[in-house]
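Some notes on the structure that comes next.
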Amino acid sequence: MGKRGQKICKFCDQINGARAYTCKKCGEPFVMKNGRIRYGKKPIQDWTTLKEGDCFRVLSRSGDYFIRQATGDKVHFATTGKYRVKEITYKDGQPHGLACWGLGGRTSGYYWLYMGEQEEPYEIGSVCVRSKHRLVRIKDPFEK
Ligand SMILES: [Zn+2]
């Protein structure tokens, strides 16, 4: 237990305010006094704390995009929807992607989401850019 007025996340040790219902760092929900669990709407601060089986949603206007050449607008084409974590993937020892499963509806099957800090073009000269996705933790839709 934390000091009065604090909650400490048992998954990542982040100190949170007493009234937080999810950890601000990893999005893990705290169990309320009445046994209930609630999820916040804030994006996960540190996505590398996600574990296999955790569920999340991809926020719109985040993730991969292309530049519409006529207007210079960014057009995001990541599928906003619900996913379950399979594993974190690494490049040169750094976490840089999330392998996951779509949970139905708009998403199904296997996905890999780019999570690197630096944006990178799909290939040299491509108008498509890999860009970090913004995620929100959600309740497992298959859990009763
Ligand atoms: Zn946490």
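Each value in this text was obtained by applying a stated rule to the coordinates, not by laboratory testing. Quick caveat, the model's predicted, so the values are computed rather than measured. Note: ideal-geometry Cβ built from the backbone for every residue, glycine included; neighbour counts use all protein chains shown.
General observations
- In loop segments of the range 60-107 as defined by DSSP, the trypsin sites (Lys or Arg not before Pro) with at most 11 further C-beta atoms inside 10 Å of their C-beta are 61, 106.
- Rg(Cα) / (2.2 N^0.38 Å) computed for the range 75-144, rounded to two decimals: 1.21
- Label zone at residue 118, where the point sits 7 Å out along the Cα-to-Cβ direction: the range 81-95 residues whose backbone N lies under 14 Å: 91-95
- Contact order relative to length of the chain, as percent, for alpha carbon pairs under 8 angstrom and 6 or more apart: 21 percent
- Label reach from residue 18 (point 7 Å along Cα→C-beta): in the range 31-54, amide nitrogens under 16 Å belong to 32-34.
- Here the relative contact order of the range 70-142, from alpha carbon pairs under 8 Å that lie six or more residues apart, stands at 20 percent.
- Springs join every pair of Cα atoms under 10 Å in this Gaussian network model of the chain, and among 64, 54, 73 the largest mean-square fluctuation is at 73.
- The range 2-43: trypsin sites (Lys or Arg not before Pro) in DSSP loop, at most 15 other beta carbons within 10 Å: 3, 4, 10, 19, 33, 36, 38, 41
- Most fluctuating residue given options 43, 121, 29, as computed from a GNM of the chain linking Cα atoms under 10 Å: 121
- Distant-in-sequence amide contacts of residue 138, defined by a placed amide H-H separation under 5 Å and a gap of 5 or more residues or a different chain, comprise 55, 56, 57.
- Modelled FRET efficiency - R0 35 Å, residue 67 with residue 108, Cβ distances, 0.05 increments: 0.80
- Cross-link pairs beyond the 18 Å C-alpha cut-off, checked among 25/86; 42/74; 51/139; 51/86: 25/86; 42/74
- Overall, the ratio between the Cα radius of gyration of the range 1-41 and 2.2 N^0.38 Å, rounded to two decimals, is 1.03.
- Along principal axes, Cα extents of the chain, largest first, whole Å: 55, 31, 30
- Chymotrypsin sites (Phe, Trp or Tyr not before Pro) within the range 76-140, DSSP loop, no more than 15 other Cβ atoms inside 10 Å: 77, 122
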